[in-house]
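Readers should treat all values here as calculations from the given coordinates under stated rules, not as data from a laboratory. Everything numeric in this text was worked out from a predicted model, so none of it was measured. Neighbour counts are summed over all protein chains in view; Cβ atoms, including those assigned to glycine, are modelled from backbone coordinates with ideal geometry.
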Amino acid sequence: MTEERRHPHTHDHEEHDHDHEHGHGSEHGHEHGHAHDDAHDHGHQHAHDQQHAHDHAHSRSHGHTHDHGHSHDHGHKTRFHDPQHAAEFDRRTSGIRADLAEKLAEMLVLQGDERILDVATGTGRVARPVAKRLKGGKVIGVDQALAMLDVGHQHADPIPAYFQSAGEADALPFKSKSFDRAFVSFSLHHFHNSEGVVKEVLRVLKNGGRFVVLDPVVEEAKDSVDIALEAKINQVFRRTHGNDFRFHTASSIQRLLSKAGYRIPRTNILSYSFNQEGMAGIPTGQHWLEAAEELETEAPELAARLKKNYFTWHRHQDHVHVKGSFSYALICGVKPD
């Protein structure tokens, strides 16, 4: 296993896969590494969905299934259930997200005919670069937020070979061993039952199938100040995203997958640097700034640590200049043969 950072440079090795990547972050950022994958890939598409739902036929190559048989993974409905917010979410653009989506698609190691599960698909933004790599395969996106699915279904530029299913991530409406690949992007930190989610994905994957997790990660806590800072950051984010929200570290995601039974051949940690006015283009950047400015008045020691670990900020009149970096983990789990 290799970990690749743009800034700073750290390395960890676990197993013997290496990956060679080169990319650019927002404003500044470069990443270099070496690796190859040892997992065997299986591109077969012969399983059938066991969907506890009724199918609605749609044009433009979308299948759309509504499922009401499972309780919500979240204890309450988040903003993602609101049609207006779903539409606004889909319109947001971020070079960081786009770059990471391409890297996720690469980590899936596709032949083109795979049947792929997109867990918490939302509006299908990450499904698009994955689907473009297919020839005969399909991406099936599952989500419990019908508003997000509806927006994804109404794209003016339909996602090819993409189908939708309403359902819970920790109670997937599919038969066991029915997918060659699976991925979850920018969603693990929202799940109340993340252990149940990764176990369900393991169930529906075929033996040897890959599951790629893409999620923003916080620094590994080194002392009580780091622990208090992480708690404060989560507290601020929960105001908007609900009480289930919790940032993971790369090692906590690895432990989650290992405990469920995955082998983990590959982990990449990508840090994207920024030096700009405002948080535009930085995923969840506004919430980070909210936490920073609260800490500046409430807990100067935590504010100083945030500046050291993540970014600095300087407000002048109605503008704020930010400089730093955020990290994202791409972790591949493989279901044993």
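Please compare each pair in Lys103/Lys307; Lys103/Lys138; Lys103/Lys206; Lys132/Lys323; Lys103/Lys175 to a cut-off of 25 Å on the Cα-Cα distance and tell me which ones are over it. Violating the 25 Å limit, Cα to Cα: Lys103/Lys307; Lys132/Lys323; Lys103/Lys175.
Here segment 185-337 is treated with +1 on each Lys and Arg Cβ and -1 on each Asp and Glu Cβ, and its dipole about the Cα centre works out to around 860 debye. The label-point distance for Asp157 and Arg315, in a model that sets each label 7 Å from Cα toward Cβ, rounds to 3.8 nm. A Förster radius of 35 Å combined with the Cβ-Cβ distance from Lys323 to Arg255 puts the calculated FRET efficiency at roughly 0.65. Each label was represented as a point 7 Å from its Cα along the Cα-to-Cβ direction; for Lys308 and Gln235 these points are 2.0 nm apart. Which net charge results when you count Lys and Arg as +1 and Asp and Glu as -1 among the other residues whose beta-carbon is under 14 Å from that of Lys232? Within the 14 Å Cβ shell, the charges total -4. Assign one of three labels to segment 135-198, namely rounded, prolate or oblate, based on the Cα gyration tensor with a ≥ b ≥ c the square roots of its eigenvalues; rounded applies when a/c is under 1.5, prolate when it is not and a/b is larger than b/c, and oblate otherwise. Verdict is oblate for segment 135-198.
Classify segment 177-272 as rounded, prolate or oblate from the Cα gyration tensor: take a ≥ b ≥ c as the square roots of its eigenvalues, call it rounded if a/c is under 1.5, otherwise prolate when a/b beats b/c and oblate if not. Prolate, because a/c is 1.5 or more and a/b exceeds b/c.
Qualifying GluC sites (Glu not before Pro) in segment 287-337, where qualification requires a DSSP coil assignment and no more than 13 other C-beta atoms within 10 Å, are lacking entirely.
For segment 133-185, a simple Cβ point-charge model (Lys and Arg +1, Asp and Glu -1, everything else neutral) yields a dipole of about 400 debye relative to the Cα centre. Please check which bits of segment 236-258 a label hung off Glu220 would reach, taking the label as a point 7 Å along Cα-to-C-beta and the cut-off as backbone N under 15 Å. Counting only backbone N, you get 248-256.
Potential lengthening of the chain between Gln286 and Asn243 amounts to 13.6 nm, from the contour at 0.36 nm per residue minus the alpha-carbon distance.
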